[in-house]
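Asker: Questions regarding the structure given below will be posed in turn.
The values are calculated or read from the model by the stated rules, or taken from the named source; none is laboratory data. These figures come from a predicted structure and were not determined experimentally. Here the Cβ positions follow ideal geometry from the backbone for every residue, glycine too, while neighbour counts run over all protein chains shown.
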Amino acid sequence: MSHPPFHDAVRQGKPVAGRAMLPALTAVVLILLLGIGPASAQFFRFPFFSQPQTPSQPPPHQRPKPPKVEPPTEVTPEVTTPYDPDLERLADILGALHFLRRICGYGEGSKWRAEAQALIDAEAPTGKRHDEMVQSFNRGYTGFQQSYRTCTPAARVVVRRYLEEGARIARDLTARYAD
């Protein structure tokens, strides 16, 4: 009687024969055992023929390291603004446009990436806000990269809608928060 491969049986919810589990369990046990260091013996020193350590000194791997002294740095408080969600959405849109307009052959190179970089540099050159805006750009880019390999009519519709939404967000932010 032939049993299905392990992964197929698990996917189908069928019981798996104990023989199929043996190699996997053996591998797990070996990995766990290799991760455990040598046990210290009660009566013998390991490795043999090494110099015994004095009881007053802990072994080298247990000696405390001297504290690392760094010059004091000026800590700037993390600033958040009420329009951060809008900026993150705009960065998300710019990431999507960077990917979609490239595969649709608009020939703009890195225009949308440069726009996002300028926005991030102006609003959040460092810190948590910077990281969140970069993540938003990357999320917009990779979200469409996973779905589209070539330009489709749906991709062109997304480009048009994102251009409109991005322009609206930029216009609203400027009208509401510009000096």
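Asker: Tell me which residues, restricted to region 144-174, are small (G, A, S), within 17 Å of R102 (Cβ to Cβ) and part of a helix (DSSP H, G or I). Spell out the reasoning first.
Answerer: The first filter runs over region 144-174 and keeps only residues small (G, A, S), leaving 147, 154-155, 166-167, 170.
From what's left, within 17 Å of R102 (Cβ to Cβ): 147, 154-155, 166.
Of everything in region 144-174, those that are small (G, A, S), within 17 Å of R102 (Cβ to Cβ) and part of a helix (DSSP H, G or I) turn out to be A154, A155, G166.
Asker: Report the residue count in region 112-134 for those that are out of contact with any helix residue (DSSP H, G or I) (no Cβ under 7 Å at 6 or more places or on another chain) and free of Cβ contacts under 8 Å to residues at least 24 places away in the same chain.
Answerer: At the first step, the residues of region 112-134 found to be out of contact with any helix residue (DSSP H, G or I) (no Cβ under 7 Å at 6 or more places or on another chain) are 114, 117-118, 121-122, 125-128, 131.
Imposing the further condition that a residue be free of Cβ contacts under 8 Å to residues at least 24 places away in the same chain reduces the set to 114, 117-118, 121-122, 125-126, 131.
Going through region 112-134 one residue at a time, the tally reaches 8.
Asker: While we're here: Among Y141, Y177, which is the only one that is exposed (fewer than 14 other Cβ atoms within 10 Å of the Cβ) and touching a Phe, Trp or Tyr at 6+ places or on another chain (Cβ under 7 Å)?
Answerer: Numbers: Y141 fails: exposed (fewer than 14 other Cβ atoms within 10 Å of the Cβ).
Only one candidate qualifies: Y177.
Asker: Now, a different point. Residues E78, E108, E132, E115: which one is within 30 Å of E164 (Cα to Cα), modelled with pLDDT of 70 or more, in contact with a Lys or Arg (Cβ under 7 Å, 6 or more places away or on another chain) and not aliphatic (A, V, I, L, M)? Let's see the steps before the verdict.
Answerer: Details: E78 fails: within 30 Å of E164 (Cα to Cα); E132 fails: in contact with a Lys or Arg (Cβ under 7 Å, 6 or more places away or on another chain); E115 fails: in contact with a Lys or Arg (Cβ under 7 Å, 6 or more places away or on another chain).
Result of the check over E78, E108, E132, E115: E108.
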